[in-house]
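Worksheet: one structure, shown below.
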Amino acid sequence: MTSARSGNRRTRVHVVSDVHGNARDLARAGDGADALICLGDLVLFLDYADHSRGIFPDLFGKENADRIVELRTARRFAEAREFGARLWEGIGTDRATAIERAVRKQYAELFAAFPTPTYATYGNVDMPQLWPEYARPGTTVLDGRRAEIGGRVFGFVGGGLRTPMRTPYEIDDEEYAAKIEALGEVDVLCTHIPPEVPELVYDTVARRFERGSRALLDAIRRTRPRYALFGHVHQPLVRRMRIGSTECVNVGHFAGTGTPWALEW
């Protein structure tokens, strides 16, 4: 990290999302920046690009990971849930306990990799109730809150909306909309999920539309922030587009590229 802003020196912020276990590159993600912003999904439950990586294959093996990815990609969610339930019955371990133990192991490594200062919000696969145990001084966790960085106001909303995937931090549309509304006007709007625009929510590898937020799209049109930054969709049809005067940027490629997106002013 560079030193705090002084005089007329420019401010540089690095932004990452969808870290999914990439602690090695996360430790370097703030190099040369005044602050790091993380838009969630620290946990790696299952890597759709490499089915041997993540909590699921660690517990059940790559062949079972191949199968559940196949079912989910085909949108056969009920079959995927039944298949997963049979696997859990076979290991004789309480599901919640096993997952929390694995998530804690990842969080210990990932939060230790955050530079100072880091501003972070939750992704849909994160477990917010555990974050206070791992967030060290220098890491500010925000959800439905604002922070000033280098003279600009950043607003943060974490988590995702309800889906058949039933990931850990999915909330109702009304609750999500209320958090967006509470931010008011900001210079940079930071969320885990994208606004509900087809080009921004379609994943070209998973071959499905992820859930974006209509409330977020409405807020962008109404309040016109300079930037709307988000992740969640790993291989979007479009990574960057304008909505009115707002530059919308998907930064959710960190797990694969190890490279943060840079914002400078």
Quick one: pull the percent of accessible area on the chain belonging to carbon and sulfur, 1.4 Å probe, ligands and nucleic acids left out. 47
Correct choice for Rg and Dmax of the Cα atoms in Å that was computed from the model, options (1) 18.2, 62; (2) 16.7, 47; (3) 21.8, 67: (1)
By average Cβ neighbour count within 10 Å, what is the ranking of 257-263, 46-52 from highest down? 257-263, 46-52
Subtract the Cα-Cα distance of M165 and E264 from 0.36 nm times their separation in residues, and report this length gain in nm to one decimal. 32.0 nm
How many angstrom lie between the Cα centre of region 149-216 and the Cα centre of region 59-134? 20
Relative packing of 78-90, 53-65, which averages over residues the other C-beta atoms within 10 Å, highest first: 53-65, 78-90
Treating the beta-carbon of each Lys and Arg as +1 and of each Asp and Glu as -1, no other charges, what is the dipole magnitude of the chain about its Cα centre, to the nearest 20 debye? 560
Among T97, T121, T11, determine the one that fluctuates most according to a GNM of the chain built with springs between C-alpha atoms less than 10 Å apart. T97
Among A108, A120, F45, whose Cα sits farthest toward the positive end of the charge dipole of the chain (+1 at Cβ of Lys/Arg, -1 at Cβ of Asp/Glu, about the Cα centre)? A120
What is the packing order of peptides 27-36, 193-202, 238-247, taking the mean over residues of other C-beta atoms within 10 Å and listing the highest first? 193-202, 27-36, 238-247
Where both residues lie in region 95-217, what percent of DSSP beta bridges are antiparallel, nearest 5? 40
If r is the Cβ-Cβ distance from R24 to R104 and R0 is 25 Å, what FRET efficiency results, to the nearest 0.05? 0.85
Give the long-range amide H neighbours of V141: residues separated by 5 or more places, or on another chain, with amide H under 5 Å away, using H modelled in the peptide plane at 1.01 Å from N. A120
Projected label distance in nm at E174 and E63, using a 7 Å step from Cα toward the beta-carbon: 4.8
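The values are calculated or read from the model by the stated rules, or taken from the named source; none is laboratory data. This is a predicted model, so every value here is computed, not measured. Note: ideal-geometry Cβ built from the backbone for every residue, glycine included; neighbour counts use all protein chains shown. The area values use the complete protein model at the heavy-atom level, side chains included, leaving out ligands, DNA and RNA. Shrake-Rupley method; radii C 1.70, N 1.55, O 1.52, S 1.80 Å.
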